[in-house]
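A short write-up of the structure that comes next.
The values are calculated or read from the model by the stated rules, or taken from the named source; none is laboratory data. This is a predicted model, so every value here is computed, not measured. Note that we place each Cβ from the backbone using ideal geometry, even for glycine, and neighbour counts take in every protein chain shown. Heavy atoms of the whole protein, side chains included, go into the accessibility calculation; ligands, DNA and RNA do not. Shrake-Rupley method; radii C 1.70, N 1.55, O 1.52, S 1.80 Å.
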Amino acid sequence: QQQQEPQQELQQQQESQQQEESQQQELQEDNQISIVEPEPSPYIINEPFFPIPKIIHQTWKTKNVPEKFSKYIQSWLKYHPDWTYQYWDEANRQLVADHYSEFLPIYDGY
């Protein structure tokens, strides 16, 4: 009887494993996914990589940036000494007025 118990246990394990495999097979069959290769994107340029220009653009409505922001400006300049720093002030409004006049009321609202 002791020999029978390990054999029964082994048989149960095998049956359980077969049942699990069968369930997995059914799941795979139910969830068949066909893989379709995508069309090449017209937006991918197969040319040499061109890095983003090293320019920091900062905007403010006036030439006077509040003192509380000066530490940020100083850190940009300190940690990016080889970058160009471009400050935009009142000229922004003129740019909006000249080219995007329909947005001027929104721009002036800020």
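For D108, the solvent-accessible surface computed with a 1.4 Å probe is close to 80 Å², ligands and nucleic acids excluded. Label separation (Q94 vs K78): 3.4 nm, computed from points 7 Å beyond Cα along the C-beta direction.
Using DSSP to define loop residues, name the trypsin sites (Lys or Arg not before Pro) in region 53-95 whose beta-carbon has at most 12 other beta-carbon atoms within 10 Å. Within region 53-95, the qualifying trypsin sites (Lys or Arg not before Pro) (loop, at most 12 other Cβ atoms within 10 Å) are K54, K63. Solvent exposure of region 60-110 amounts to 85 Å² per residue of accessible area, where only protein heavy atoms count and the probe is 1.4 Å.
Between amide H atoms placed 1.01 Å from N, distances below 5 Å from I56 occur with T84, Y85, Q86, all of them 5 or more places distant or on a separate chain.
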